[in-house]
Amino acid sequence: MIITNAKLYGKKGLWNLSLREGKIFSITPSQPLSNQVNAAILDIHGKLILPPFVEPHIHLDYVLTAGTPRWNQSGTLFEGIQCWSERKVSVKETKADIKNRALQALKMQMKHGVQHVRTHVDITDPSFLGLEAMLEIKEEIRPWMDVQIVAFPQEGIYAYPKGDELLEESLNMGADVVGAIPHYEFTREDGVLSVKKALELAYKYGKMVDIHCDEIDDEQSRFLEVVAAESYKLGMGEHVTASHTTAMGSYNNAYAYKLFKLLKQANIHFVSLPKANLHLQGRFDTFPKRRGITRVKELLDADINVCFGLDSIMDPWYPLGDGNLQRVVEVGLHACHMTGYEDITSAYDLITINGAKTLNLQQYEIKEGNKANFIVLDTDNEYDAVRCQPSVLYSVREGKIMVETKPAETQMHASIFSKQFSEN
Ligand SMILES: [Zn+2]
(Lines give C-alpha, C1' and ligand atoms only; values in the text may rest on other atoms or scores of the structure.)
Protein backbone atom coordinates (compact mmCIF):
# COMPACT_ATOMS: atom_id res chain seq x y z
CA MET A 1 0.00 0.00 0.00
CA ILE A 2 1.08 3.59 -0.63
CA ILE A 3 -0.17 6.43 1.56
CA THR A 4 0.01 9.70 -0.35
CA ASN A 5 -0.08 13.34 0.77
CA ALA A 6 0.61 12.69 4.43
CA LYS A 7 1.47 15.46 6.88
CA LEU A 8 3.93 13.79 9.24
CA TYR A 9 3.74 14.87 12.90
CA GLY A 10 6.46 17.43 13.66
CA LYS A 11 7.61 17.61 10.05
CA LYS A 12 6.99 20.17 7.32
CA GLY A 13 5.68 19.34 3.82
CA LEU A 14 3.70 16.41 2.48
CA TRP A 15 5.01 12.87 2.15
CA ASN A 16 4.30 9.54 0.53
CA LEU A 17 4.75 6.39 2.60
CA SER A 18 5.19 3.11 0.85
CA LEU A 19 4.41 0.04 2.94
CA ARG A 20 5.67 -3.49 2.23
CA GLU A 21 5.34 -6.68 4.24
CA GLY A 22 4.05 -4.83 7.28
CA LYS A 23 6.93 -2.35 7.33
CA ILE A 24 7.58 1.18 6.15
CA PHE A 25 9.62 0.68 3.00
CA SER A 26 10.13 4.31 2.06
CA ILE A 27 9.16 7.85 3.03
CA THR A 28 9.56 10.32 0.16
CA PRO A 29 8.39 13.87 -0.57
CA SER A 30 4.90 13.77 -1.96
CA GLN A 31 4.67 13.70 -5.76
CA PRO A 32 2.13 12.39 -8.28
CA LEU A 33 2.42 8.63 -8.72
CA SER A 34 2.88 7.15 -12.17
CA ASN A 35 0.01 5.08 -13.55
CA GLN A 36 2.10 1.95 -13.38
CA VAL A 37 2.11 1.78 -9.59
CA ASN A 38 1.15 -1.74 -8.67
CA ALA A 39 -0.14 -1.15 -5.14
CA ALA A 40 -3.26 0.05 -3.35
CA ILE A 41 -3.16 3.83 -2.94
CA LEU A 42 -4.68 5.73 -0.05
CA ASP A 43 -4.65 9.50 -0.61
CA ILE A 44 -5.13 11.15 2.78
CA HIS A 45 -5.17 14.70 1.39
CA GLY A 46 -2.73 16.33 3.82
CA LYS A 47 -4.10 14.78 6.99
CA LEU A 48 -1.85 14.38 10.02
CA ILE A 49 -0.06 11.06 10.58
CA LEU A 50 1.42 10.14 13.95
CA PRO A 51 2.82 7.00 15.49
CA PRO A 52 0.05 5.22 17.45
CA PHE A 53 -0.98 6.68 20.78
CA VAL A 54 0.55 5.05 23.85
CA GLU A 55 -1.50 4.49 27.01
CA PRO A 56 1.22 4.24 29.67
CA HIS A 57 -1.00 3.76 32.71
CA ILE A 58 -4.42 2.20 33.01
CA HIS A 59 -6.03 -0.36 35.32
CA LEU A 60 -7.81 -2.79 33.00
CA ASP A 61 -8.88 -5.06 35.87
CA TYR A 62 -10.82 -2.13 37.41
CA VAL A 63 -12.50 -0.64 34.33
CA LEU A 64 -16.29 -0.34 34.20
CA THR A 65 -16.78 -1.25 37.86
CA ALA A 66 -17.82 2.17 39.22
CA GLY A 67 -20.81 1.87 41.53
CA THR A 68 -20.32 -1.79 42.44
CA PRO A 69 -20.75 -2.52 45.27
CA ARG A 70 -21.07 1.22 45.97
CA TRP A 71 -19.99 4.63 44.62
CA ASN A 72 -16.96 6.47 45.94
CA GLN A 73 -18.78 9.42 47.53
CA SER A 74 -15.80 11.42 48.80
CA GLY A 75 -13.85 11.12 45.54
CA THR A 76 -10.65 10.39 47.47
CA LEU A 77 -8.02 7.83 46.51
CA PHE A 78 -8.45 6.19 49.90
CA GLU A 79 -12.20 5.67 49.59
CA GLY A 80 -11.50 4.29 46.11
CA ILE A 81 -9.15 1.68 47.60
CA GLN A 82 -11.78 0.90 50.26
CA CYS A 83 -14.52 0.44 47.60
CA TRP A 84 -12.25 -1.86 45.60
CA SER A 85 -11.34 -3.87 48.68
CA GLU A 86 -15.06 -4.35 49.46
CA ARG A 87 -15.74 -5.31 45.85
CA LYS A 88 -13.11 -8.03 45.93
CA VAL A 89 -15.05 -9.66 48.78
CA SER A 90 -18.65 -9.02 47.70
CA VAL A 91 -18.67 -9.27 43.89
CA LYS A 92 -17.56 -12.64 42.65
CA GLU A 93 -16.42 -12.31 39.06
CA THR A 94 -15.15 -15.06 36.81
CA LYS A 95 -12.03 -14.69 34.74
CA ALA A 96 -14.30 -14.34 31.69
CA ASP A 97 -16.13 -11.40 33.35
CA ILE A 98 -12.84 -9.58 33.99
CA LYS A 99 -11.62 -10.24 30.46
CA ASN A 100 -14.89 -8.99 29.04
CA ARG A 101 -14.61 -5.63 30.86
CA ALA A 102 -10.94 -5.25 29.93
CA LEU A 103 -11.65 -5.99 26.27
CA GLN A 104 -14.42 -3.39 26.17
CA ALA A 105 -11.92 -0.81 27.46
CA LEU A 106 -9.21 -1.89 25.02
CA LYS A 107 -11.66 -1.54 22.13
CA MET A 108 -12.48 2.00 23.31
CA GLN A 109 -8.78 2.82 23.31
CA MET A 110 -8.22 1.13 19.95
CA LYS A 111 -10.98 3.26 18.45
CA HIS A 112 -9.13 6.32 19.76
CA GLY A 113 -5.84 5.36 18.10
CA VAL A 114 -4.06 3.54 20.92
CA GLN A 115 -1.90 0.53 19.98
CA HIS A 116 0.32 0.24 23.07
CA VAL A 117 -1.01 -0.14 26.60
CA ARG A 118 0.63 -0.59 29.99
CA THR A 119 -1.92 -1.89 32.46
CA HIS A 120 -1.54 -2.27 36.20
CA VAL A 121 -3.19 -5.35 37.70
CA ASP A 122 -3.97 -5.75 41.39
CA ILE A 123 -1.99 -8.73 42.69
CA THR A 124 -2.99 -8.32 46.35
CA ASP A 125 -5.44 -11.12 45.64
CA PRO A 126 -4.21 -14.65 46.35
CA SER A 127 -6.46 -16.06 43.57
CA PHE A 128 -4.52 -14.05 40.92
CA LEU A 129 -7.71 -14.02 38.84
CA GLY A 130 -7.10 -10.50 37.47
CA LEU A 131 -3.51 -11.29 36.56
CA GLU A 132 -4.48 -14.54 34.83
CA ALA A 133 -7.17 -12.66 32.86
CA MET A 134 -4.67 -10.00 31.73
CA LEU A 135 -2.01 -12.56 30.77
CA GLU A 136 -4.56 -14.26 28.51
CA ILE A 137 -5.75 -10.98 27.00
CA LYS A 138 -2.19 -9.90 26.33
CA GLU A 139 -1.68 -12.94 24.09
CA GLU A 140 -5.12 -12.85 22.48
CA ILE A 141 -4.96 -9.18 21.54
CA ARG A 142 -1.33 -9.13 20.36
CA PRO A 143 -2.20 -8.81 16.62
CA TRP A 144 -3.96 -5.51 17.38
CA MET A 145 -2.31 -4.13 20.48
CA ASP A 146 0.80 -4.51 22.61
CA VAL A 147 0.02 -4.86 26.30
CA GLN A 148 2.49 -4.64 29.19
CA ILE A 149 1.37 -5.89 32.59
CA VAL A 150 2.44 -4.29 35.87
CA ALA A 151 2.15 -6.50 38.96
CA PHE A 152 0.55 -3.86 41.16
CA PRO A 153 0.18 -4.47 44.91
CA GLN A 154 -2.84 -2.17 45.32
CA GLU A 155 -3.15 -2.81 49.08
CA GLY A 156 0.58 -2.63 49.75
CA ILE A 157 3.62 -4.91 49.66
CA TYR A 158 3.85 -4.87 53.46
CA ALA A 159 0.41 -3.51 54.46
CA TYR A 160 -1.24 -6.56 52.80
CA PRO A 161 -0.51 -10.03 54.21
CA LYS A 162 2.31 -11.66 52.23
CA GLY A 163 2.18 -8.86 49.63
CA ASP A 164 5.89 -9.35 48.91
CA GLU A 165 5.40 -13.05 48.11
CA LEU A 166 2.37 -12.34 45.90
CA LEU A 167 4.43 -9.76 44.01
CA GLU A 168 7.26 -12.18 43.34
CA GLU A 169 4.82 -14.93 42.32
CA SER A 170 3.22 -12.53 39.80
CA LEU A 171 6.59 -12.01 38.14
CA ASN A 172 7.07 -15.76 37.90
CA MET A 173 3.62 -15.99 36.29
CA GLY A 174 4.65 -13.55 33.55
CA ALA A 175 4.04 -9.93 34.63
CA ASP A 176 6.37 -7.58 32.74
CA VAL A 177 6.76 -4.76 35.25
CA VAL A 178 7.09 -4.54 39.05
CA GLY A 179 4.75 -2.15 40.88
CA ALA A 180 4.58 -0.64 44.37
CA ILE A 181 2.52 1.92 46.29
CA PRO A 182 4.82 3.30 49.02
CA HIS A 183 2.51 6.12 50.19
CA TYR A 184 -0.13 3.50 51.08
CA GLU A 185 2.17 1.40 53.29
CA PHE A 186 1.64 1.78 57.07
CA THR A 187 4.80 3.80 57.76
CA ARG A 188 7.42 5.83 55.94
CA GLU A 189 9.89 3.03 56.74
CA ASP A 190 7.65 0.37 55.16
CA GLY A 191 7.23 2.63 52.15
CA VAL A 192 10.99 2.91 51.68
CA LEU A 193 11.33 -0.86 52.08
CA SER A 194 8.59 -1.42 49.47
CA VAL A 195 10.44 0.70 46.90
CA LYS A 196 13.66 -1.19 47.59
CA LYS A 197 11.82 -4.51 47.33
CA ALA A 198 10.31 -3.58 43.95
CA LEU A 199 13.68 -2.54 42.54
CA GLU A 200 15.39 -5.63 43.97
CA LEU A 201 12.81 -7.92 42.32
CA ALA A 202 13.08 -6.05 39.02
CA TYR A 203 16.85 -6.40 39.10
CA LYS A 204 16.62 -10.09 39.94
CA TYR A 205 14.08 -10.93 37.21
CA GLY A 206 15.21 -8.40 34.56
CA LYS A 207 11.89 -6.51 34.62
CA MET A 208 10.90 -2.87 34.43
CA VAL A 209 9.49 -0.93 37.40
CA ASP A 210 6.45 1.36 37.60
CA ILE A 211 5.60 2.77 41.00
CA HIS A 212 2.44 4.54 42.11
CA CYS A 213 4.50 7.21 43.83
CA ASP A 214 3.35 9.94 46.22
CA GLU A 215 -0.23 10.03 44.92
CA ILE A 216 -1.30 12.25 47.79
CA ASP A 217 -1.38 15.98 48.57
CA ASP A 218 0.98 15.46 51.53
CA GLU A 219 4.04 17.66 50.94
CA GLN A 220 5.91 15.29 53.26
CA SER A 221 5.36 12.31 50.95
CA ARG A 222 8.85 11.96 49.51
CA PHE A 223 9.17 8.46 48.12
CA LEU A 224 10.13 9.87 44.73
CA GLU A 225 13.59 10.72 46.07
CA VAL A 226 13.92 7.08 47.20
CA VAL A 227 12.81 5.75 43.80
CA ALA A 228 15.24 8.06 42.01
CA ALA A 229 18.21 7.50 44.34
CA GLU A 230 17.87 3.70 44.38
CA SER A 231 17.36 3.54 40.59
CA TYR A 232 20.43 5.69 40.12
CA LYS A 233 22.56 3.52 42.38
CA LEU A 234 21.46 0.39 40.51
CA GLY A 235 21.87 2.07 37.10
CA MET A 236 18.25 1.13 36.26
CA GLY A 237 16.78 4.59 35.63
CA GLU A 238 15.65 4.12 32.04
CA HIS A 239 13.65 1.04 33.12
CA VAL A 240 11.96 2.83 36.03
CA THR A 241 8.80 4.94 36.02
CA ALA A 242 7.30 7.09 38.74
CA SER A 243 3.55 7.40 38.18
CA HIS A 244 1.38 10.20 39.59
CA THR A 245 3.96 11.96 41.89
CA THR A 246 1.20 14.44 42.72
CA ALA A 247 2.82 15.41 46.05
CA MET A 248 5.41 17.21 43.90
CA GLY A 249 2.71 19.78 43.22
CA SER A 250 2.83 20.58 46.95
CA TYR A 251 6.61 20.47 47.55
CA ASN A 252 8.32 23.73 48.48
CA ASN A 253 10.49 25.12 45.69
CA ALA A 254 13.78 24.81 47.59
CA TYR A 255 13.24 21.07 48.05
CA ALA A 256 12.00 20.66 44.46
CA TYR A 257 15.13 22.40 43.18
CA LYS A 258 17.36 19.93 45.02
CA LEU A 259 15.17 16.99 43.96
CA PHE A 260 15.33 17.87 40.24
CA LYS A 261 19.10 17.41 40.19
CA LEU A 262 18.66 13.84 41.40
CA LEU A 263 15.78 13.17 38.99
CA LYS A 264 17.91 14.26 36.06
CA GLN A 265 20.81 12.08 37.23
CA ALA A 266 18.53 9.09 37.80
CA ASN A 267 17.08 9.31 34.26
CA ILE A 268 13.72 7.84 35.29
CA HIS A 269 10.39 8.38 33.49
CA PHE A 270 7.25 10.10 34.72
CA VAL A 271 3.60 9.35 34.02
CA SER A 272 1.14 12.10 34.82
CA LEU A 273 -2.58 11.30 34.92
CA PRO A 274 -4.17 14.77 34.76
CA LYS A 275 -7.86 13.86 34.57
CA ALA A 276 -7.71 11.24 37.31
CA ASN A 277 -5.64 13.41 39.65
CA LEU A 278 -7.61 16.61 39.12
CA HIS A 279 -10.53 14.50 40.26
CA LEU A 280 -8.85 12.72 43.20
CA GLN A 281 -6.53 15.35 44.64
CA GLY A 282 -7.34 18.51 46.54
CA ARG A 283 -10.16 16.65 48.29
CA PHE A 284 -8.91 17.60 51.75
CA ASP A 285 -8.41 21.25 50.78
CA THR A 286 -10.96 23.98 51.29
CA PHE A 287 -9.67 27.10 49.52
CA PRO A 288 -7.23 27.68 47.96
CA LYS A 289 -7.63 24.24 46.40
CA ARG A 290 -4.54 22.58 44.93
CA ARG A 291 -4.54 21.09 41.43
CA GLY A 292 -2.78 17.94 42.62
CA ILE A 293 -0.72 17.45 39.45
CA THR A 294 2.98 16.80 39.23
CA ARG A 295 5.31 19.46 37.78
CA VAL A 296 4.92 18.42 34.14
CA LYS A 297 6.18 21.58 32.45
CA GLU A 298 9.14 21.91 34.82
CA LEU A 299 10.15 18.26 34.33
CA LEU A 300 9.98 18.63 30.55
CA ASP A 301 11.97 21.87 30.72
CA ALA A 302 14.63 19.95 32.69
CA ASP A 303 14.74 17.40 29.83
CA ILE A 304 13.16 14.66 31.94
CA ASN A 305 10.75 12.32 30.17
CA VAL A 306 7.04 12.76 31.01
CA CYS A 307 4.01 11.19 29.37
CA PHE A 308 0.25 11.41 29.96
CA GLY A 309 -2.13 8.55 30.68
CA LEU A 310 -5.73 7.92 31.56
CA ASP A 311 -5.50 5.76 34.73
CA SER A 312 -9.18 4.84 34.81
CA ILE A 313 -12.36 4.25 32.87
CA MET A 314 -15.34 4.22 35.24
CA ASP A 315 -13.84 2.63 38.33
CA PRO A 316 -13.89 3.34 42.09
CA TRP A 317 -11.22 6.03 41.60
CA TYR A 318 -12.70 7.89 38.63
CA PRO A 319 -16.32 7.77 37.47
CA LEU A 320 -15.94 8.95 33.85
CA GLY A 321 -13.62 8.27 30.89
CA ASP A 322 -13.97 6.75 27.42
CA GLY A 323 -10.40 5.77 26.59
CA ASN A 324 -9.60 8.93 24.62
CA LEU A 325 -6.05 10.19 25.29
CA GLN A 326 -6.56 13.33 23.19
CA ARG A 327 -8.91 14.60 25.88
CA VAL A 328 -6.28 13.90 28.53
CA VAL A 329 -3.88 16.14 26.60
CA GLU A 330 -6.39 18.96 26.46
CA VAL A 331 -7.14 18.78 30.19
CA GLY A 332 -3.46 18.29 31.08
CA LEU A 333 -2.29 21.35 29.15
CA HIS A 334 -4.80 23.48 31.04
CA ALA A 335 -3.97 21.99 34.43
CA CYS A 336 -0.20 22.36 33.92
CA HIS A 337 -0.26 25.87 32.42
CA MET A 338 1.14 24.51 29.16
CA THR A 339 -0.69 26.68 26.66
CA GLY A 340 2.25 28.43 24.99
CA TYR A 341 2.44 27.88 21.22
CA GLU A 342 5.29 25.34 21.40
CA ASP A 343 3.61 23.57 24.34
CA ILE A 344 0.54 23.08 22.15
CA THR A 345 2.23 22.08 18.90
CA SER A 346 4.43 19.49 20.64
CA ALA A 347 1.75 18.31 23.08
CA TYR A 348 1.11 14.99 21.33
CA ASP A 349 4.66 13.96 22.28
CA LEU A 350 3.03 13.32 25.67
CA ILE A 351 0.85 10.53 24.28
CA THR A 352 3.23 9.24 21.59
CA ILE A 353 7.05 9.29 21.75
CA ASN A 354 7.31 10.12 25.45
CA GLY A 355 5.02 7.21 26.27
CA ALA A 356 7.03 4.95 23.99
CA LYS A 357 10.22 5.89 25.87
CA THR A 358 8.54 5.11 29.18
CA LEU A 359 7.44 1.69 27.97
CA ASN A 360 10.86 1.05 26.37
CA LEU A 361 9.13 0.34 23.02
CA GLN A 362 11.27 -0.63 20.05
CA GLN A 363 10.61 0.23 16.37
CA TYR A 364 8.03 2.79 17.45
CA GLU A 365 8.62 5.87 15.32
CA ILE A 366 7.47 6.37 11.74
CA LYS A 367 10.75 5.56 10.07
CA GLU A 368 11.91 3.53 7.07
CA GLY A 369 12.44 -0.08 8.14
CA ASN A 370 10.17 0.18 11.19
CA LYS A 371 6.81 -1.56 11.50
CA ALA A 372 4.05 0.21 9.55
CA ASN A 373 2.13 1.22 12.69
CA PHE A 374 0.53 4.67 12.68
CA ILE A 375 -2.67 6.66 12.92
CA VAL A 376 -4.24 9.32 10.73
CA LEU A 377 -6.13 12.18 12.40
CA ASP A 378 -8.83 14.26 10.75
CA THR A 379 -6.80 17.47 10.78
CA ASP A 380 -3.89 18.91 8.81
CA ASN A 381 -1.84 20.35 11.67
CA GLU A 382 -0.65 19.75 15.22
CA TYR A 383 -2.23 22.88 16.68
CA ASP A 384 -5.76 22.04 15.54
CA ALA A 385 -5.31 18.46 16.71
CA VAL A 386 -5.00 19.71 20.29
CA ARG A 387 -7.74 22.31 19.83
CA CYS A 388 -10.33 20.05 18.19
CA GLN A 389 -9.37 16.48 19.19
CA PRO A 390 -10.21 15.11 15.73
CA SER A 391 -11.41 11.62 14.90
CA VAL A 392 -8.89 8.88 14.24
CA LEU A 393 -9.62 8.32 10.55
CA TYR A 394 -7.34 5.27 10.35
CA SER A 395 -5.32 3.19 12.74
CA VAL A 396 -2.85 1.12 10.72
CA ARG A 397 -1.03 -1.83 12.22
CA GLU A 398 1.74 -3.64 10.35
CA GLY A 399 0.48 -2.13 7.11
CA LYS A 400 -3.17 -3.14 7.57
CA ILE A 401 -6.03 -0.76 8.34
CA MET A 402 -7.29 -1.89 11.73
CA VAL A 403 -9.72 0.95 12.53
CA GLU A 404 -11.49 3.31 10.17
CA THR A 405 -13.77 6.17 11.23
CA LYS A 406 -16.11 8.22 9.10
CA PRO A 407 -16.21 11.69 10.68
CA ALA A 408 -19.59 13.14 11.60
CA GLU A 409 -21.01 15.61 9.10
CA THR A 410 -22.93 18.69 10.17
CA GLN A 411 -25.27 20.56 7.82
CA MET A 412 -26.19 24.19 8.40
CA HIS A 413 -29.70 24.77 7.02
CA ALA A 414 -29.28 28.27 5.66
CA SER A 415 -32.96 29.04 5.29
CA ILE A 416 -33.39 29.55 9.02
CA PHE A 417 -30.54 32.06 9.25
CA SER A 418 -30.54 35.71 8.21
CA LYS A 419 -29.21 36.53 4.74
CA GLN A 420 -26.08 38.16 6.17
CA PHE A 421 -25.27 35.08 8.30
CA SER A 422 -25.74 32.73 5.35
CA GLU A 423 -23.39 34.73 3.16
CA ASN A 424 -20.57 34.57 5.72
ZN1 LIG B 1 -2.90 4.03 38.74
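The values are calculated or read from the model by the stated rules, or taken from the named source; none is laboratory data. Values in this document were obtained by computation on a predicted structure and should not be read as measured data. We place every Cβ from the backbone using ideal geometry, glycine too, and count neighbours over all the protein chains shown. Ligands, DNA and RNA are excluded from the accessible area calculation, which covers all protein heavy atoms including side chains. Shrake-Rupley method; radii C 1.70, N 1.55, O 1.52, S 1.80 Å.
Over 28 Å between C-alpha atoms is what I'm after, so list which of Lys92/Lys196; Lys138/Lys357; Lys23/Lys264 land there. Mind showing how you got there, number by number?
Details: Lys92/Lys196 34 Å; Lys138/Lys357 20 Å; Lys23/Lys264 35 Å.
Too far apart for the 28 Å limit: Lys92/Lys196; Lys23/Lys264.
Label points 7 Å out from Cα along the Cβ direction at Ser127 and Leu33: separation in nm?
Roughly 5.3 nm, to one decimal.
Which of the three applies to the stretch 243-376, rounded, prolate or oblate, going by the alpha-carbon gyration tensor with a ≥ b ≥ c and a/c under 1.5 meaning rounded?
Oblate, because a/c is 1.5 or more while a/b does not exceed b/c.
Rounded to two decimals, what is the ratio between the C-alpha radius of gyration of the stretch 12-104 and 2.2 N^0.38 Å? Let's see the in-between values first.
Details: Rg = 23.9 Å, N = 93, 2.2 N^0.38 = 12.3 Å.
This ratio for the stretch 12-104 stands at 1.94.
Could you tell me what percent of the accessible area of the chain is made up of carbon and sulfur, with a 1.4 Å probe and every protein chain present? Intermediate values should be presented prior to the final figure.
Details: 9840 of 18960 Å².
The nonpolar share, carbon plus sulfur, comes to 52 percent.
So which lysines can Lys197 reach, going by Cα to Cα under 21 Å and dropping same-chain residues fewer than 8 places off?
Lys162, Lys207, Lys233
How many percent of DSSP beta bridges within the stretch 268-424 run antiparallel, rounded to 5?
75 percent
Could you give the angle, 0 to 90 degrees to the nearest 10, between helix 253-266's Cα long axis and the longest principal axis of the Cα atoms of the chain?
70 degrees
What's the local net charge at Glu365, with K and R +1, D and E -1, over the other residues with C-beta under 14 Å away?
Surrounding charge for Glu365 is +3.
Considering the zone a paramagnetic label at Cys388 would reach in this model (a point 7 Å from Cα along the Cα-to-Cβ line), which residues of the stretch 35-68 have amide N under 13 Å from it?
Hits in the stretch 35-68 for Cys388 at 13 Å: 46-48.
From the square roots a ≥ b ≥ c of the eigenvalues of the alpha-carbon gyration tensor of the stretch 53-359, which class results: rounded (a/c under 1.5), prolate (a/b over b/c), or oblate?
Taking the square roots of the gyration eigenvalues as a ≥ b ≥ c, the stretch 53-359 is rounded.
Leaving out ligands and nucleic acids, note down the accessible area per residue over the stretch 317-424 with a 1.4 angstrom probe, in whole Å².
Numbers: 5860 Å² over 108 residues.
In whole numbers, the stretch 317-424 has 54 Å² accessible per residue.
Could you state the angle between the C-alpha long axis of helix 188-205 and the longest principal axis of the C-alpha atoms of the chain, as a value from 0 to 90 degrees rounded to the nearest 10?
Helix 188-205 sits roughly 60 degrees off the main axis of the chain.
Got the relative contact order for the stretch 53-359 handy, in percent, Cα pairs under 8 Å and 6 or more residues apart?
Value for the stretch 53-359: 20 percent.
Within the chain, what percent of beta bridges assigned by DSSP are antiparallel, to the nearest 5? Numbers along the way, then the final one.
Working: 22 of 56 bridges.
Bridges in the chain are about 40 percent antiparallel.
Summing Lys, Arg as +1 and Asp, Glu as -1, what charge do residues with Cβ under 10 Å from the Cβ of Tyr318 carry, Tyr318 excluded?
So the surrounding residues net to -1.
Excluding Leu17 itself, what net charge comes from residues whose Cβ is under 15 Å from its Cβ, given Lys and Arg +1 and Asp and Glu -1?
On the way: positive: Lys7, Lys11, Arg20, Lys23, Lys47, Lys367, Lys371, Arg397, Lys400; negative: Glu21, Asp43, Glu365, Glu368, Glu398.
My count for the surroundings of Leu17 gives +4.
Given the Cα-Cα distance of Asn370 and Asp322 and 0.36 nm per residue of separation, how much length would full extension add, in nm?
Full extension of this stretch gives 14.3 nm more.
Name the chymotrypsin sites (Phe, Trp or Tyr not before Pro) in the stretch 1-39 that are in a loop by DSSP and that have at most 14 other C-beta atoms within 10 Å, would you?
Listed in order of number, the matching sites amount to none.
So if I take the centroid of the Cα atoms in the stretch 202-267 and the same for the stretch 72-142, what is the distance between those two points in Å?
Taking the Cα centre of the stretch 72-142 as reference, the centre of the stretch 202-267 is 25 Å away.
Which distance in nm do the two modelled labels at Ser74 and Asp380 give, with both placed 7 Å along the Cα-to-Cβ direction?
Spacing of the two 7 Å Cα→Cβ label points: 5.3 nm.
If R₀ is 51 angstrom, what is the calculated FRET efficiency for the pair Asn100 and Lys233, using the beta carbon separation as r and rounding to 0.05?
After rounding to 0.05, the efficiency reads 0.75.
Mind giving me the nanometre distance, one decimal, between the label points for Asn253 and Phe287, set 7 Å out from Cα along Cα→Cβ?
Distance between the two pseudo-spin positions: 2.5 nm.
At 222 nm, what value in deg cm²/dmol follows for the chain if DSSP H runs of at least 4 each add -39500 (n - 2.57) and the sum is divided by all its residues, to the nearest 500?
Per the formula, -10000 deg cm²/dmol.
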